[in-house]
Every structure is written in C-alpha cells, then in structure tokens.
1. Quick one: if you stick a label point 7 Å off each Cα along the C-beta vector at ARG21 and HIS39, how many nm between them?
2. What Kirkwood hydrodynamic radius, in Å, does the chain give when the mean of 1/r is taken over all pairs of distinct Cα atoms and then inverted?
3. Between the alpha-carbon centers of segment 2-26 and segment 30-44, tell me the distance in whole angstrom.
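Taken together, the values in this text are just the output of simple stated rules run on the coordinates, not laboratory data. Remember, predicted model here, so these are calculated numbers, not experimental data. Quick reminder, even Gly has a Cβ in these numbers, built from the backbone with ideal geometry, and neighbours come from all protein chains shown.
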Amino acid sequence: MAGLKPEQRARVGQLWKEKRRLDSDMPNPGASFVRILIHVAGGAE
C-alpha cells in the first residue's frame, strides 16, 4: 500500500468496501484484499 499513489489507495478502499458489502461472508478476506491490491497496482495474478 505504501508504494501506491493516493488515488490508487483510495480506489483500493472503494473496491474493498464494495467487496465487503457484496460478499460479507467471504471465507478468506485477506486474500480478497490482496487480489484487489494487485489489481489496482496494475500487477497480474
């Protein structure tokens, strides 16, 4: 997160909030957060 631009950090927060709203019972929230982080940072999985 520290290496992201402020607008990227904001986007991660937006996407994470939406993910939690849509899938509040997700089995592994940490993995979902990392996937969002990679997506926003422009990396491939």
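1. Each label point is offset 7 Å from its Cα along the Cβ direction, giving 1.4 nm.
2. After inverting the mean inverse Cα-Cα distance, the result is 10.8 Å.
3. So the separation of the two Cα centres works out to 9 Å.
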